[in-house]
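Asker: Take a look at the following structure, please.
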Amino acid sequence: MPYQIGFDIGGTFTDVVFLNRDTGELLLRKALTTPKDPSQSALNIIRKAITDVGLVDLSQEIESIIHGTTLVVNAIVERRGSRTGLITTKGFRDIIEARKEKRYDLYDIFIELPQPLVPRYLRRGVTERSDERGTILQPLDLEETDKILKDFIKEKVESIAVCFLHSYRNPRHEFFVRDLICEKAPHITVSLSSEVVPEIREYERFSTTVCNAYTQPILAGYLSKIEGVLHDMGVQRDLTVMLSHGGIASSETARRFPVRVMESGPAGGVMAASFYGKLKGWKRIVSFDMGGTTAKICLVEDGKPMMTNDFEVAKIHRFKKGSGLAVKISTVDMIEIGAGGGSIATIDRLGLMKVGPASAGANPGPACYGLGGNDPTVTDADLILGYLNEKYFLGGQMELVHERAKEAIEEKLGSPLGLNLAEVAWGIRRVVDENMTNAARMYAFEKGKDMKAYTLIAFGGAGPVHACALARKLGITRVFVPFGAGVASAVGFLCTPLSIDFVRSYVTPLNQIDLEVLNRLLKEMDEEGFSILGKAGIPKKDIEIHRKAEMRYLGQSHEISVPIPAGTLSQEDLKVIHSTFEKEYEQIFSRTNPGYHIEAINWRVLARGPELGLHLKSFDSRDGNGSDVIGKGRRSVYFEEFNGYDQVLVFDRCRLLPGSVLKGPAIIEDVESTTVIGPGWTTEVDEFLNLTIERED
Amino acid sequence: MALNPIDLEVIWNRLIFIAEEQGKALYQGSFSTIIGEAEDFASAIFDAKGNLLAQAQQNGGGTPAMLIGMARGVKEILRKFPASNLVPGDCIICNDPWLLSGHQPDITVIAPVFYQGIIVAFTGTSAHVADMGGRGFSADCRDCFEEALLIPPVKLFNGNIPNTVVFDFIESNVRVPDQVRGDLLAQASANKIGGKKIEDLLEEFGLENLFTVSEDIFQSSEQALLQAISNIPQGEYQKEVRLDGFDRELKIIATVRIRKSGLEVDFEGTSPQIDRGINCTLNVSYAYVSHAVKSALVPEIPNNEGIFRPLRILAPEGSLLNPRRPAPVMSRDVVYTFISAAVYGALSQAVPSRVIADSGSKAVTQIRGVNLQGKAFIYTFQVRCGMGARPTLDGLSGTNYPGNVGSVPVEIIETVSPIFMVKKEFVPDSGGPGKFRGGCDHEMTFRVRGDRPALISCRFERIHHPAKGFLGGGDGSCGRVILNGNAPLHAKKMYTLEPGDEITVSGGGGGGFFPAVERAPELVLRDVIDGLVTVEQAERDYKVSMREYNDFKAH
């Protein structure tokens, strides 16, 4: 009985999934995270699940164990990282504080920025300098470096970030500093900007490296602890960790590059959506995860999520770009919107209704939770509109109070706006759906994509409630709601291949490229990929290499990502790259700029292990003929098409029969969520009890 | 409101997002670092009469001059191009400083949006392109003809067909024609994208035009601002600020009159225009008044025509803030900091909790010459200053205000130009002392590599007039322009840099807020430890004994 275990430690909940690879059976567990020592809750659930499943010989029965965690992000947000020092090129110690020297809000005179992770007195410049081609103009002053190190030791610095200008072209000076630290102060961890993110643009590179240094000791201690306990329990397989780019890696890689672990949970969700897309044979997918506070949207094509290298952590204003610390890592490219079940509806000073980004969270939560919350939220509106069942929220573990929702909406919104209860509830719904639609459109637009041809895969507590409405606004005609959507991230871990990615900056016009230089750096990255995945036990023949480069027209500041051929590149390949660039550029901007030279900036290599097929257990259709579906009766539900309420059939997800077809309007209730199927949509239940909901265009 | 508050919210929000998408398209497609890295551009949607409906905030929040200058200029431009003269696919280009944002490198492109055969809106983008010819980005020209090419409102595209005459004229007059053409095409393409999205919006919401929507947006915004104004005690508040000027001191006097019907700012008494390029056309003056008033009173309301309605701005014709043609105006951005300072200074007497102390002067400079490969280069980049302190917070260091153009990374500057950065660091004791300290100045030292001389345009302010503190706060430090570590240069002239010459520039620290002695001693100590405040300043201005610090050091 080979088992795979995935566990995701989030800020509020820890999710654990056990997959029996022989039968495809999934065991799902959810518990509150223990904030003081997040590993504790996870290990407790794992222990309990091991007993529940009846595992005896863990060394044989556990095939792999994959972990995702918000620890790194939380350490930065809550400032619980290590005491960190920065050694940088003399004259540039304020780069991480001056940032891009731009205000993220033109009109807010009370604007604030996150404090740098390294206070100024622990940011030290040292004499050294390279130019943009990596030529050393001034040698590193080792004596100065040594003096700084002594100071740092005296200051009880635990981790050091080394960030020199142009080190992405020539890392030698950074290596020298590391050698010195290893020799003189081996207890201090070191992060080099040339290793963490060897990319041009100093603020982003320095900031990322500082985040890495700041969280390195804490993540290392945490992973060692978990590995120790697992080992003591008899698990022999090494712990692997989900990374933000949608691949998993050894815990060793995670220890070196904690910044790569930042978005592991959300990346797991996107990987789950990719998996379901592949399962159903759909090439183009929108992953839509809507929870209590935010909605996250990500495009996936051919099983591969869109990627970005721009990420920010610890934003002062969660949804304002530029208000956080820059982290240049490769991450699944998700847009996060302040739209969740707990998003609060208010009236602004113009007399207009706004929804979010403030959220009532879980406590006190929406007014209908009856936990003392007075603010009307999206969940309150969903209840009033009949989408949610007050008796069957979280499978009946929690009762929603209709009266509270009504009071909150009428009092705070209805009376001042002069609208009735249903009008306001429907209004909340429209505004929140519109907010998500706008953000999703903007996101797709930046990538030159039109979402109409995509399938929306919805999960998270509120995702299936809003999926059809969002799809309609986006012109999407197919929605998919997987079974067990509540622990999608952890499920995603189980179908994610091992992979690792690398980047090098080599800024040059294509027509002046030195093929020798380029081939050397591509080969270096290929080799590093083979070596890291090889250590994880993947034979070379099973490793796929994907290369990409960021390119632009000479003179532009914004690059697009272009696939690069494998192997040693020739002049012929450069021509191919040239035409691929123009094709991709046209796809995004609907035009090219003939006559302009093309310039490459960063070169990337992604090394991937083989895809893991995740075979879920299927349900047979018993003796039902598809139409024989057990209903839970009818209730009054609001739809725009009705121009009000009408009686709508309600079904229990767990009692649906594979092969059934349901015509909307209908409501399908599940333990973690409710799927709202609008008029004009038709739902088909597959053998895994997933729902495919389609609309005639 | 004619629409219900939910419909209006939904449509309004969509319009803002359209402006954002349009801005994003320009940003990603642009060809110069000043747009692509420093984000000096703007994107907006106008109604069929040319009133500002929505503007991008995230993608193109460049400078108020650009945003508001464009908003005021569109109506004027449409006088030359009435609806009957426009067809789908048209694009109008213009850079007239009097009509638009006050200096020639800001190029505005406007395009009509047709729906069911009639014009329902206009899209507008404005971007600071790499060069507009003339003497470049300079402060010491005698008139606007010497400064740069002036483009009157003309069609850049005639029904989707590029007007090659206009392109040829422009490209023949600029130093980097490829970059400029690339930027213009990126603008036209962005406008087109915005237009398409507006058509989609009308279709989706079943609207024939945007008349009702725009009037609702304007009226509700206007009401909100009027409401906020009515909370300010009525009366007259005056503030005089002084600046370096070109070779003698200039003054700006702002009289803010709070009335029931609105807010009036009168610049009577302000210095006359001068024969060097720092005059602010009325649009620029208007922009910085509007920006300050909106920031103080209704910061969260999206900018639109309704926010302009309660404002009245008077500036004597022929003054620094309303110069007559052909005054030189290229470097008006060194003056607008002072417009803002005067308005906030006056408002501080009425609403002290809603203002910001004076900020340093951002330092933008342009260098041109021949690069290491022997090709012509022209490069504009910026050094920051300290932002003024707020009534509850320190000022941000190395961040300019009220303009909002970002910096270009050192590694990018060195990759695309022969400039070499020697240093870029905060200056100790530069932030004005106060209970809330002004932001620290950000000083930059650089030289031009190679064996050929290069031209530098100095365009700096606050060399002699520091950013003032508010309500008892101390002044920030002054800025500097120094050659080779010891020779001060004229802050607004052009110089030839010989190979190896090093130049140091900075824009000054921000003013403090409330008296320095009220600052928490632990914050003073923290600044001393961080090297932002010296022991001497801590003892002199903050009256904090540094015994503790000495203990700390000994420890």
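Asker: Quick check: at a probe of 1.4 Å, how many percent of the accessible area of segment A:1-64 sits on carbon and sulfur atoms? Write down the numbers at each step before the final one.
Answerer: Details: 1590 of 2970 Å².
Carbon and sulfur together cover 54 percent of it.
Asker: Follow-up question, since we're still on this one. If you bin every alpha carbon distance in segment B:387-459 into 5 Å steps from zero, what whole percent lands in each bin?
Answerer: Here the calculated profile for segment B:387-459 is 4, 14, 18, 20, 16, 12, 8, 5, 2, 1, 0.
Asker: I'd like the residues of segment B:199-239 whose 1.4 Å-probe accessible area shrinks by no less than 20 Å² going from the isolated chain to the full set of protein chains.
Answerer: Residues losing area: B:204, B:220, B:224.
Asker: Moving on. Treat segment A:539-697 as a sphere of radius equal to its Kirkwood radius over Cα pairs and apply Stokes-Einstein at 25 °C in a medium of 0.890 mPa s; give the translational diffusion coefficient in µm²/s, rounded to a whole number.
Answerer: 118 µm²/s
Asker: Then there's this: So what are segment A:263-343's ellipsoid semi-axes, whole angstrom, largest first, if each one is the square root of 5 times an eigenvalue of the alpha-carbon gyration tensor?
Answerer: 24, 16, 9
Asker: To one decimal place, what orientation-averaged projected area in nm² is obtained for the convex hull of the Cα set of chain A?
Answerer: 32.1 nm²
Asker: Cα gyration tensor of segment A:169-215, axes a ≥ b ≥ c as square roots of the eigenvalues: rounded (a/c below 1.5), prolate (a/b > b/c) or oblate?
Answerer: oblate
Asker: In whole Å, what are the Cα extents of segment A:78-177 along the three principal axes, biggest one first?
Answerer: Computed over the Cα atoms, the extents are 45, 35, 18 Å.
Asker: List the relative contact order of chain B as a percent without decimals, with contacts defined as Cα pairs under 8 Å and 6+ residues apart.
Answerer: Numbers: 1544 pairs, mean separation 71.4, N = 555.
Relative contact order here is 13 percent.
Asker: Using only the alpha carbons of segment A:161-293, determine the length spanned along each of the three principal axes and report them from longest to shortest in whole angstroms.
Answerer: 55, 43, 29
Asker: Under a 1.4 Å probe, what is the accessible area of segment B:452-555 per residue, stated in Å²?
Answerer: On a per-residue basis, segment B:452-555 sits at 45 Å².
Asker: Moving on. Could you give each residue of segment A:206-218 its phi-based ³J(HN,Hα) in whole Hz, using Karplus coefficients 6.51, -1.76, 1.60 with θ = phi - 60°, and x for Gly or Pro?
Answerer: Coupling constants for segment A:206-218: 5, 4, 4, 5, 5, 4, 5, 4, 5, 9, 4, x, 5 Hz.
Asker: Using the reciprocal of the averaged 1/r over all distinct C-alpha pairs, how large is the Kirkwood radius of segment A:212-355 in Å? All intermediate terms of the calculation are to be shown ahead of the outcome.
Answerer: Values: mean 1/r = 0.0580 Å⁻¹.
Computed over Cα pairs of segment A:212-355, the Kirkwood hydrodynamic radius comes out at 17.2 Å.
Asker: Here is a follow-up. For the protein assembly as shown, report the % of Cα-Cα distances exceeding 56 Å.
Answerer: For the protein assembly as shown, the fraction of Cα-Cα distances above 56 Å is 18 percent.
Asker: Here's a follow-up. When the scattering of segment B:215-348 is computed by the Debye formula from its Cα atoms alone, each counted once and equally, what is log10 I(q)/I(0) at q = 0.09, 0.10, 0.19, 0.21 Å⁻¹?
Answerer: After summing over all Cα pairs, the log10 values are -0.26, -0.32, -1.00, -1.16.
Asker: Let me ask something else about it. At q = 0.11, 0.19 Å⁻¹, what is the base-10 log of I(q)/I(0) for segment A:313-464 according to the Debye formula with one equal point scatterer per Cα and no solvent? Please give it to two decimals.
Answerer: Log-scaled intensity ratios, in q order: -0.49, -1.18.
Asker: Between Rg and the Kirkwood Rh of segment B:97-150, both from Cα atoms, what is the Rg to Rh ratio?
Answerer: Numbers: Rg = 15.1 Å, Rh = 12.9 Å.
We get a ratio of 1.17 for segment B:97-150.
Asker: Still on this model: Considering amide H positions built from the backbone, and no H for Pro or chain starts, which residues 5 or more places from residue B:370, or on another chain, come under 5 Å of its amide H?
Answerer: Under 5 Å from the amide H of residue B:370 lie the amide H atoms of B:377, each far enough along the sequence or on another chain.
Asker: Can you classify segment B:7-79 as rounded, prolate or oblate using the Cα gyration tensor, where a ≥ b ≥ c are the square roots of its eigenvalues, rounded means a/c under 1.5, and otherwise it's prolate if a/b beats b/c and oblate if not?
Answerer: Values: a/c = 2.27, a/b = 1.28, b/c = 1.78.
It comes out oblate by the Cα gyration axes.
Asker: Please work out the Cα convex hull volume for segment A:203-253 and give it in Å³ per residue.
Answerer: So the per-residue hull volume is 71 Å³.
Asker: Under 20 Å from the Cα of residue B:75, which lysines turn up, not counting those fewer than eight places away in the same chain?
Answerer: Residue B:75 reaches B:49, B:155, B:192.
Asker: To continue, here is another question. Assuming a ≥ b ≥ c are the square roots of the Cα gyration tensor eigenvalues, decide whether segment A:501-552 counts as rounded (a/c under 1.5), prolate (otherwise, with a/b larger than b/c) or oblate.
Answerer: Cα axes put segment A:501-552 in the prolate bin.
Asker: Moving on. For chain B, what does the helix formula give at 222 nm: sum of -39500 (n - 2.57) over DSSP H segments with n ≥ 4, over the residue count, nearest 500 deg cm²/dmol?
Answerer: Roughly -9500 deg cm²/dmol at 222 nm, from the helical runs in chain B.
Asker: Sticking with this one: Please state, to two decimals, what the Cα-based radius of gyration of segment B:1-156 comes to when divided by 2.2 N^0.38 Å (N = residues).
Answerer: 1.07
Asker: With runs of 4+ DSSP H residues as the only contributors, calculate the mean residue ellipticity of chain A at 222 nm using -39,500 (n - 2.57) per run, divided by the residue total and rounded to the nearest 500.
Answerer: -10000 deg cm²/dmol
Asker: Continuing with the same structure: Return an integer: the convex hull volume of the alpha-carbon atoms of segment B:258-321, in Å³ per residue.
Answerer: Once divided by residue count, the hull of segment B:258-321 is 95 Å³.
Asker: Further question: If you average the sequence gap of Cα pairs under 8 Å that are 6 or more apart and divide by the length of segment A:62-202, what percent do you get for the contact order?
Answerer: Working: 190 pairs, mean separation 35.7, N = 141.
Relative contact order here is 25 percent.
Asker: Past 32 Å, Cα to Cα: identify those pairs from A:147/B:423; A:328/A:412; A:406/B:196; A:447/B:80, in the order given. Spell out each step's value before the answer.
Answerer: On the way: A:147/B:423 21 Å; A:328/A:412 42 Å; A:406/B:196 40 Å; A:447/B:80 37 Å.
Table pairs above 32 Å Cα-Cα are A:328/A:412; A:406/B:196; A:447/B:80.
Asker: I would also like to ask the following. With the radius of gyration and the Kirkwood radius both derived from the Cα set of chain B, what is their ratio Rg to Rh?
Answerer: 0.98
Asker: Tell me the per residue accessible area of chain A using a 1.4 Å probe; a whole number in Å² is fine.
Answerer: 37 Å²
Asker: Please compute, for the alpha-carbon atoms of segment B:76-219, the extent along each of the three principal axes and give them in descending order in Å.
Answerer: Reported extents, whole Å, longest axis first: 53, 34, 23.
Asker: If you don't mind, there's one more thing I want to ask. I need the fraction of alpha carbon pairs in segment B:116-177 separated by more than 17 Å, rounded to a whole percent.
Answerer: Counting every Cα pair in segment B:116-177, those more than 17 Å apart make up 55 percent.
Asker: Still on this structure, I have one more. Leaving out ligands and nucleic acids, note down the accessible area per residue over segment B:273-371 with a 1.4 angstrom probe, in whole Å². Provide the component values of the computation, followed by the final result.
Answerer: Details: 1980 Å² over 99 residues.
Here the residues of segment B:273-371 average 20 Å² of exposed surface.
Asker: Shifting gears a bit: Number of Lys pairs in segment A:494-644 with C-alpha atoms less than 20 angstrom apart, excluding same-chain neighbours closer than eight positions? Please list the in-between numbers first.
Answerer: Working: A:523/A:535; A:523/A:540; A:523/A:541; A:523/A:548; A:523/A:575; A:548/A:575; A:548/A:583; A:575/A:583.
Lysine pairs meeting the criterion: 8.
Asker: When the convex hull of the C-alpha atoms of segment A:14-77 is computed, what volume per residue in Å³ does it have?
Answerer: Dividing the Cα hull volume of segment A:14-77 by its residues yields 96 Å³.
Asker: Using alpha carbons only, what's the Rg to Rh ratio of segment B:267-413 with Rh from Kirkwood?
Answerer: With Rh from the inverse mean 1/r over Cα pairs, Rg/Rh is 1.03.
Asker: When the distances between all Cα atoms of segment A:411-570 are binned every 5 Å from zero, what whole-number percent does each bin get?
Answerer: 1, 7, 10, 11, 10, 12, 12, 12, 9, 6, 4, 3, 2, 1, 0
Asker: List the accessible area buried at the contact between B and A, summed over both sides and calculated with a 1.4 Å probe, in Å² to the nearest 100.
Answerer: 7600 Å²
Asker: P(r) for segment A:488-580: what percent of alpha-carbon pairs falls in each 10 Å bin, starting at zero?
Answerer: Going from the shortest bin to the longest, the percentages are 13, 41, 29, 15, 3.
Asker: Give me a single rounded figure for B:397-408: the average over its residues of other chain Cβ atoms within 10 Å of their Cβ.
Answerer: Across B:397-408, the average partner-chain Cβ count within 10 Å equals 5.
Asker: Given the options B:479, A:389, A:677, identify the residue whose Cα lies farthest towards the positive end of the charge dipole of the protein assembly as shown (+1 on Cβ of Lys, Arg; -1 on Cβ of Asp, Glu).
Answerer: Towards the positive end, the residue furthest out is B:479.
Asker: How compact and how long is segment A:19-147, expressed as Rg and Dmax of its alpha-carbon atoms in Å?
Answerer: Spelled out, the Cα radius of gyration and Dmax of segment A:19-147 are 24.5, 65 Å.
Asker: Could you quote the convex hull projected area for segment B:455-550, Cα atoms only and averaged over all directions, in nm²?
Answerer: Result: 7.5 nm².
Asker: Based on the Cα gyration tensor of segment A:386-502, what are the three equivalent ellipsoid semi-axes, each the root of five times an eigenvalue, rounded to whole Å and given largest first?
Answerer: That gives 32, 22, 12 Å for the three semi-axes.
Asker: A further question on this structure: Amide H to amide H, which residues 5 or more places from residue A:86 or on other chains are under 5 Å from it, using H placed in the peptide plane?
Answerer: HN-HN under 5 Å from residue A:86: A:123, A:124, A:161.
The values are calculated or read from the model by the stated rules, or taken from the named source; none is laboratory data. Remember, predicted model here, so these are calculated numbers, not experimental data. Because the Cβ atoms are built from the backbone with ideal geometry, glycine has one as well, and the counts that use them run over all protein chains shown. To get the accessible areas, we keep the full protein, side chains included, count just its heavy atoms, and leave off ligands, DNA and RNA. Shrake-Rupley method; radii C 1.70, N 1.55, O 1.52, S 1.80 Å.
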